[in-house]
Amino acid sequence: MNPSELARVASAMVTKGRGILAADESGGTIKKRFDSIKLESTEEHRRTYREMLFTAQGAAEFISGVILYDETIRQKTRDGVPFPQYLAKQGMIPGIKVDLGAKPLAGFPGETITEGLDGLRERLIEYRGLGARFAKWRAVIDIAEGIPTPFAIEANAHALARYAALCQENDIVPIVEPEVLMDGGHSIERCQQVTEAVLDCVFGELFEHRVMLEGMVLKPNMVISGKKAANRAKPEVVAEATLRVLKRHVPAAVPGIAFLSGGQSPAEATLHLSLMNQMAPLPWSLTFSYGRALQDTALKAWGGAVANFAAGQKEFARRAKLNALATTGRYAAEMESQAA
């Protein structure tokens with residue numbers, strides 16, 4: 001393990017004015033996205049779509065790193081340059097999703113455990129050879145009647161920590177992603193309670209596994225009301241509650257926090273991030289690691305048509321720029337209606 005290299009890469013991933021593009025959708029997820037624009041999910045369509053995002057003019061200015069999927073890390077640009085090589089040359093750090101998805105947790109109805117630890121060390125060695133300098137593992141915690149249970153939280157935290165230790169052993173920065181879902185009708189207070197329990201458990205396990213906090217990035221949910229909640233908390237309340245929880249449970253040694261969007265609309269996710277960054281000083285850098293919230297409008301603008309390739313790129317760059325402004329607290333809602 002090279003501690004200084006891990007710390008250098010982790011800091012570069014969360015540098016102010018830039019954020020992380022999550023382009024690591026699994027086969028099933030990307031199919032759903034393509035279904036929404038009535039496009040068949042073929043390998044070439046997936047490659048073209050990712051190339052549209054990666055090669056967009058201005059992308060490198062606002063994107064610090066890109067999380068790739070196993071298929072994508074092996075693909076190339078039209079000019080034959082492997083995606084990781086292309087990204088690295090542009091100054092965007094290539095990363096890789098390494099978990100194998102959330103599966104039902106036996107004996108615990110409604111709860112899941114993320115799989116993929118078996119053979120992970122060997123896969124990390126291969127991915128590093130392909131150019132990956134960071135990785136991602138997502139744990140999923142749902143809120144409903146009687147869940148999450150303390151055991152499900154503990155099991156997922158333990159897996160996250162094992163994954164993180166294996167990454168650092170191979171000089172790969174782990175993105176640690178414990179996602180408390182915003183599905184359902186729970187209040188922001190309930191989300192806060194669960195998020196606190198999750199982060200407390202996760203950092204306890206990271207400490208036990210001897211994970212170097214300076215060489216990791218946390219990718220948490222925001223503390224937010226459930227999508228179906230009758231009275232959803234206002235943006236300022238979300239920003240305040242999220243920071244309150246993070247200050248209580250995330251050590252200052254962690255260089256940065258890259259939020260997931262978790263089903264928020266693109267504008268909502270950007271506004272919440274900007275409001276938090278206005279509440280300085282903070283012990284860590286606050287940035288984004290968005291998938292849908294960065295890609296949705298670009299996907300619609302492209303629509304799978306060759307003629308709209310540039311339009312898709314322009315829309316992606318616009319969204320990336322707005323989120324980059326949010327990392328310094330300079331985003332305003334009225335910017336949504338302004339041209340790129």
Notebook entry, point to check: Looking at region 3-32, which of the residues that are crowded, with 19+ Cβ neighbours inside 10 Å and among the charged types (D, E, K, R) is nearest to residue 91 (Cα to Cα)?
Noted result: 18
Note to self: Exactly one condition in (1) of a type in the set (Asp, Glu); (2) crowded, with 23+ Cβ neighbours inside 10 Å; (3) out of contact with any helix residue (DSSP H, G or I) (no Cβ under 8 Å at 6 or more places or on another chain) is false for residue 126; which is it?
What the structure shows: (2)
Checklist line | Total residues in region 108-133, condition outside any loop (DSSP other than H, G, I, E, B) and of a type in the set (Asp, Glu) | finding: 2
Margin query: Can you list residue pairs whose Cβ atoms sit under 6 Å apart, with the first residue in region 118-132 being of a type in the set (Val, Ile, Thr) and the second being open to solvent by less than 70 Å² (accessible area, probe 1.4 Å) and outside any loop (DSSP other than H, G, I, E, B)? Count only pairs 6 or more apart in sequence or on different chains.
Written below: none
Notebook entry, point to check: Name the pairs: first residue in region 192-218 and of a type in the set (A, V, I, L, M, F, W, C) and outside any helix (DSSP H, G or I), second residue at pLDDT below 95 and open to solvent by 40 Å² or more (accessible area, probe 1.4 Å), Cβ to Cβ under 8 Å, at least 6 apart or on different chains?
Noted result: 212/1
Margin query: Name the residue that is nearest to residue 23 (Cα to Cα), counting only residues in region 272-286 that are outside any helix (DSSP H, G or I) and touching a residue at least 24 places away in the same chain (Cβ under 8 Å).
Written below: 286
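This table checks each residue for (1) outside any loop (DSSP other than H, G, I, E, B); (2) more than 20 Å from residue 198 (Cα to Cα); (3) open to solvent by less than 20 Å² (accessible area, probe 1.4 Å); (4) at pLDDT below 95.
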| site | (1), (2), (3), (4) |
| --- | --- |
| 96 | yes, yes, yes, no |
| 103 | yes, no, no, no |
| 137 | yes, no, yes, no |
| 152 | yes, no, yes, no |
| 159 | yes, no, yes, no |
Next item on the list: Go through the residues of region 235-254 one by one and say whether even a single one is at pLDDT 95 or above, over 30 Å from residue 145 (Cα atoms) and outside any loop (DSSP other than H, G, I, E, B).
Entry: no
Item checked: Pair list, Cβ < 7 Å and 6+ apart or interchain, from region 138-164 residues that are more than 23 Å from residue 67 (Cβ to Cβ) to residues that are in a helix (DSSP H, G or I) -> 143/190; 143/191; 143/194; 148/194; 153/197; 153/198; 153/201; 154/201
Checklist line | Options 291, 256, 329: the member that is at positive phi and open to solvent by less than 40 Å² (accessible area, probe 1.4 Å) | finding: 329
Margin query: For region 287-340, which positions are over 23 Å from residue 11 (Cβ atoms), assigned to a loop (DSSP other than H, G, I, E, B) and touching a residue at least 24 places away in the same chain (Cβ under 8 Å)?
Written below: 303, 304, 332, 340
Next item on the list: Examine region 38-61 for a residue that is at pLDDT 95 or above, within 21 Å of residue 11 (Cα to Cα), open to solvent by 40 Å² or more (accessible area, probe 1.4 Å) and part of a helix (DSSP H, G or I), and state whether such a residue exists.
Entry: yes
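The values are calculated or read from the model by the stated rules, or taken from the named source; none is laboratory data. Not measured: the values here are computed from a predicted model. Heads up, the Cβs are rebuilt from the backbone with ideal geometry, glycines too, and the neighbour counts pull from every protein chain shown. Areas reflect the complete protein model, heavy atoms only, side chains present, ligands, DNA and RNA absent. Shrake-Rupley method; radii C 1.70, N 1.55, O 1.52, S 1.80 Å.
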